[in-house]
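Enquirer: Here it is, the structure, as structure tokens.
The values are calculated or read from the model by the stated rules, or taken from the named source; none is laboratory data. None of these values were measured; they are calculated from a predicted model. Heads up, the Cβs are rebuilt from the backbone with ideal geometry, glycines too, and the neighbour counts pull from every protein chain shown. Areas reflect the complete protein model, heavy atoms only, side chains present, ligands, DNA and RNA absent. Shrake-Rupley method; radii C 1.70, N 1.55, O 1.52, S 1.80 Å.
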Amino acid sequence: MQEPKAFEQLLVRQGIIDESKLERARGEAAKNNLPLVSAIQQLGFAGAEELYAALADFCEMRFVVPSREGLDKALSQKAPARFATHYGFVPVQERNGALVIAISDPLNPQLLDDIRMTLKRRIEPVVTTPQEIARATKELYGVGADTMERILIDTEADGPTLTLQTGVGADLGDDTIDASIIKFVNELILEAIQSDTTDIHIEPFEDSLRVRYRIDGILHQAPTPPSIRGFHAAIVSRIKIMANLNIAEKRLPQDGKILASFGENHYDLRVSILPTPHGETVNIRILSRSSMAMSMDQLGFLPEDMELFNTLINKPYGIILVTGPTGSGKTTTLYAALAKLNSLDRKIITIEDPIEYQLQGVSQMQVQPKIGFDFSLGLRSMLRHDPDIMLVGEIRDYETAEMAIRSSLTGHLVLSTLHTNDSAGAVTRLIDMGIEPFLISSTMVASVAQRLVRRICKRCAKPAAPDRDLLRIEFGATEEELAAGAFKRGEGCEECLHTGYRGRIAIYEILPFTERVKEMTVQRATAVEIKKEALKQGMQTLRKSGWRRILTGNTTPEEVLRVTADADTLGVESARNNAPL
């Protein structure tokens, strides 16, 4: 797109850019062979909407933002995906017998003629930003829709080279089809990475194939073309090849791993495949190596909790357990602790399933159940290497728990994870496994419960008046807190997928094993009794930790209540009892 001088003068006249910045943008555009509007955006002189609205005004066209106006899915039938992506347009509505299409290059006279000839109908062009075209194309056609259309066209042209039903396998040798499937799977994974997805779920049903992304702990349906169902088996076979799995085996679960890079970031993709009556369902866990490498300061500890946690992890021996459900960030917390403890005068060994992040200067092992190398065997072997600190990925059974206990008794600091609802539940969980209470009281340093709450999107966050009665009842909020709190709420935007949330932050409940808690453990006190005692000693519950995040405008009451509903009934009672009348 070559902007005429008259358009440049319009930008200056409307105050979008001054002459000096315009001259600099011209130089940047010429040096990098960019359109002027792109150079202006990259230099940060003006926003995309402002620039393209001015361009629409110059070309005497309407400026639209399709994502705000809403798109009718039926429009995808008016213009094939392969044409829309090739010419860089998106249909936005039908009006007076004409198809209204949004473009970002209205200064290209040949473009509109080509689109008219291709669609063989009357069109009405409007202007939008390239980002909006990409976003609307994905919403209207789905991820990789143009790739799917090309596969179907090639299949119809070349004969039945790809069988569109469960059981595809032998016909994957065709180069054209295979290349298209590769491209589609790559697009699916790339879209997930760019959306900060933690899991991709590919689920076959009788008449459809559902693809969902888990973003910030919540599942979102990924837009995909309807034709994807016929290529399910080919997609699964491609993923199996990438993960070095057996493509012929469709009756048994399989697990594998894919290494991926995007720009300077590296990812481990953990693939799990399960057989179902309608075909194999696939889960791809996306682990970013950079996101796992977090420091203690980045975890989200409140200042007093940070000080307490630092004191606990610097104990010479004992066990520290981080508890919570799958996906609550337990491993990230342990890695951050190890990074803090890692020094030349300490030997650190870990045993994990799987190794989620390579730690410099730390000896790491991965369990191999197929050959009998499990956590308990790894722990026995670790002791012969005289470590100062040991990390056990997860305590799952009596043998692992017993070895961890014995390791801490012989002067080692053991860090591990356990699946319990709250910090006090770690005691009863270990007793259920068969560990004697006196051994638990002799070795436990602390139990740390953890959850991840979604952050309010910074882009669309606005001050909001909270439900004061809810805060008083559920969080024990005082009038002083209600008056001083910086309460916010996300209005919803494209960046946060209109959820109002973007990213997550951890909340913690730290239970140090004081002498009184150890006595209660030996006496086989219940988790509720231990938690009551810990609250008397000043422990902050998960909900109280979340309340502090609400007060600072990081998250919302609804989000904290959602993630603490199963863990904080005692904390709720305590808050209600302390709530002002």
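Enquirer: Determine the calculated [θ] at 222 nm for the chain from helices alone, applying -39500 (n - 2.57) to every DSSP H run no shorter than 4 residues and normalising by the residue count; nearest 500 deg cm²/dmol. Spell out each step's value before the answer.
Expert: Values: 25 runs with 244 residues, N = 581.
After summing the helix terms and dividing by residue count, I get -12000 deg cm²/dmol.
Enquirer: Given an 8 Å cut-off on Cα distances and at least 6 residues of separation, report the relative contact order of the chain as a percent. All intermediate terms of the calculation are to be shown ahead of the outcome.
Expert: Numbers: 987 pairs, mean separation 49.8, N = 581.
For the chain, the relative contact order is 9 percent.
Enquirer: When a/c is below 1.5 the answer is rounded, else prolate if a/b is larger than b/c, else oblate, so apply that to region 220-283 with a ≥ b ≥ c taken from the square roots of the Cα gyration tensor eigenvalues.
Expert: On the way: a/c = 2.07, a/b = 1.22, b/c = 1.70.
Cα axes put region 220-283 in the oblate bin.
Enquirer: With viscosity set to 1.567 mPa s and temperature to 4 °C, compute the Stokes-Einstein D of region 1-54, Rh being the Kirkwood radius across alpha carbon pairs; µm²/s, no decimals.
Expert: Values: Rh = 10.8 Å.
Taking Rh from Cα pairs, D becomes 120 µm²/s.
Enquirer: Let me ask you something else. Using 7 Å Cα-to-Cβ label points, what is the Glu494/Thr311 separation (nm, one decimal)?
Expert: Between Glu494 and Thr311, the label points sit 5.0 nm apart.
Enquirer: Can you classify region 173-277 as rounded, prolate or oblate using the Cα gyration tensor, where a ≥ b ≥ c are the square roots of its eigenvalues, rounded means a/c under 1.5, and otherwise it's prolate if a/b beats b/c and oblate if not? Numbers along the way, then the final one.
Expert: Numbers: a/c = 1.30, a/b = 1.17, b/c = 1.12.
Note, shape of region 173-277 comes out rounded.
Enquirer: Let me ask something additional. Hey, with R₀ at 25 Å, roughly what FRET efficiency would Glu206 and Asn283 work out to, going by the Cβ-Cβ distance, to 0.05? Mind showing how you got there, number by number?
Expert: On the way: r = 20 Å, r/R0 = 0.80.
The calculated FRET efficiency here is 0.80.
Enquirer: Using only Cα atoms, find the angle between the long axis of helix 527-536 and the longest principal axis of the chain, and express it within 0 to 90 degrees, rounded to the nearest 10.
Expert: Once rounded, the angle reads 90 degrees.
Enquirer: Enumerate the residues in region 1-32 having an amide nitrogen under 12 Å from the point lying 7 Å beyond the Cα of Asn108 toward its Cβ.
Expert: Backbone N within reach: 1-2.
Enquirer: Can you tell me how much longer the chain between Lys78 and Glu304 gets when fully stretched, taken as 0.36 nm per residue apart minus their C-alpha distance, in nm with one decimal? Write down the numbers at each step before the final one.
Expert: Working: separation 226, 0.36 × 226 = 81.36 nm, distance 6.00 nm.
The span from Lys78 to Glu304 would gain 75.4 nm if fully extended.
Enquirer: Mind ordering 504-514, 527-537 by average Cβ neighbours within 10 Å, highest first? Don't jump to the answer; show the numbers that get you there.
Expert: Values: 504-514: 22.8, 527-537: 17.9.
In descending order of packing, they fall as 504-514, 527-537.
Enquirer: Here's another thing I want to ask about it. Rounded to the nearest 0.05, what FRET efficiency do Ala565 and Glu49 have when you use their Cβ-Cβ distance and R0 = 41 Å?
Expert: Details: r = 40 Å, r/R0 = 0.98.
Efficiency, rounded to the nearest 0.05: 0.55.
Enquirer: Suppose a student asked you for the relative contact order of region 360-488, using Cα pairs under 8 Å spaced at least 6 residues apart; what percent would you report? Intermediate values should be presented prior to the final figure.
Expert: Details: 94 pairs, mean separation 21.9, N = 129.
Once normalised by length, the contact order is 17 percent.
Enquirer: If you don't mind, there's one more thing I want to ask. Can I get the semi-axes of region 1-138's equivalent ellipsoid? Compute them from the C-alpha gyration tensor as square roots of 5 times the eigenvalues, in angstrom, largest first. Walk me through the numbers on the way to the answer.
Expert: Working: eigenvalues 163, 41, 38 Å².
After diagonalising the Cα gyration tensor, the semi-axes are 29, 14, 14 Å.
Enquirer: Another question about this same structure. By how many nm would the segment from Asp388 to Met296 grow when fully extended, if each residue of separation counts as 0.36 nm and the alpha-carbon distance is taken off?
Expert: Details: separation 92, 0.36 × 92 = 33.12 nm, distance 2.01 nm.
The Asp388-Met296 span can extend by a further 31.1 nm.
Enquirer: If I model a spin label at Met433 and Cys59 as a point 7 Å from the Cα along the Cα→Cβ vector, what separation in nanometres do I get?
Expert: Reported label-point gap for Met433 and Cys59 is 6.4 nm.
Enquirer: Once a ≥ b ≥ c are taken as the square roots of the eigenvalues of the Cα gyration tensor of region 293-366, is the result rounded (a/c under 1.5), prolate (a/b larger than b/c) or oblate (a/b not larger than b/c)?
Expert: Because a/c hits 1.5 or more and a/b fails to exceed b/c, region 293-366 counts as oblate.
Enquirer: Any aspartates and glutamates with Cα under 14 Å of the Lys462 Cα? List them, leaving off those in the same chain fewer than 8 positions away.
Expert: List returned: Glu491.
Enquirer: Then there's this: Within 10 Å, count the other beta carbons around each residue, average over each peptide in 399-405, 418-424, and list them highest first.
Expert: 418-424, 399-405
Enquirer: When DSSP assigns beta bridges and you keep just the ones with both residues in the chain, what percent turn out antiparallel, to the nearest 5? Don't jump to the answer; show the numbers that get you there.
Expert: On the way: 54 of 83 bridges.
Looking only at bridges with both residues in the chain, the antiparallel portion is about 65 percent.
Enquirer: Moving on. Net charge within 13 Å of Tyr398 by Cβ-Cβ distance, Lys/Arg positive one each and Asp/Glu negative one each, not counting Tyr398 itself? It would help to have the intermediate numbers written out before the result.
Expert: Working: positive: Arg396, Arg406, Arg429; negative: Asp374, Asp397, Glu399, Glu402, Asp432, Glu436.
Net charge around Tyr398: -3.
Enquirer: Work out the length of the dipole vector of the chain about its Cα centre, built from +1 on the beta-carbon of each Lys and Arg and -1 on the beta-carbon of each Asp and Glu, and round it to the nearest 20 debye.
Expert: Details: 67 positive and 78 negative charges, 124 e Å.
With Lys and Arg at +1 and Asp and Glu at -1, about 600 debye.
Enquirer: In addition: Read through the labelled values [x] 121, 67, 64; [y] 92, 59, 46; [z] 84, 65, 46 and report the label of the one computed as Cα extents along the principal axes in Å from the structure.
Expert: Correct label is [z].
Enquirer: When you count, for each residue, the other Cβ atoms within 10 Å and take the mean per peptide, how do 543-550, 316-323, 95-102 rank with the highest first?
Expert: 543-550, 316-323, 95-102
Enquirer: Could you let me know the centre-to-centre spacing of region 307-341 and region 437-477, using Cα atoms, in angstrom?
Expert: 18
Enquirer: For Lys532, go through the lysines and keep the ones whose alpha-carbon is under 23 Å away, minus same-chain ones fewer than eight residues off.
Expert: Candidates past the 8-residue exclusion: Lys518, Lys544.
Enquirer: For an R0 of 30 angstrom, estimate the FRET efficiency from the Cβ-Cβ distance between Ser363 and Glu264 and round to the nearest 0.05.
Expert: Working: r = 27 Å, r/R0 = 0.89.
Computed FRET efficiency for Ser363 and Glu264: 0.65.
Enquirer: Here's a follow-up. Where does helix 145-158 land angle-wise versus the long Cα axis of the chain, in degrees 0 to 90, nearest 10?
Expert: With rounding to tens, the tilt is 60 degrees.
Enquirer: Quick one: if you stick a label point 7 Å off each Cα along the C-beta vector at Lys458 and Thr118, how many nm between them?
Expert: 3.8
Enquirer: Whole number in Å², please: accessible area per residue of the chain, 1.4 Å probe, ligands, DNA and RNA not counted. Don't jump to the answer; show the numbers that get you there.
Expert: Working: 27240 Å² over 581 residues.
Accessible surface, normalised per residue, equals 47 Å².
Enquirer: Also, quick follow-up: Using the Cα centre of the chain as origin and beta-carbon charges of +1 (Lys, Arg) and -1 (Asp, Glu), tell me which of Leu383, Ile313, Ile17 is placed farthest towards the positive end of the dipole.
Expert: Ile313
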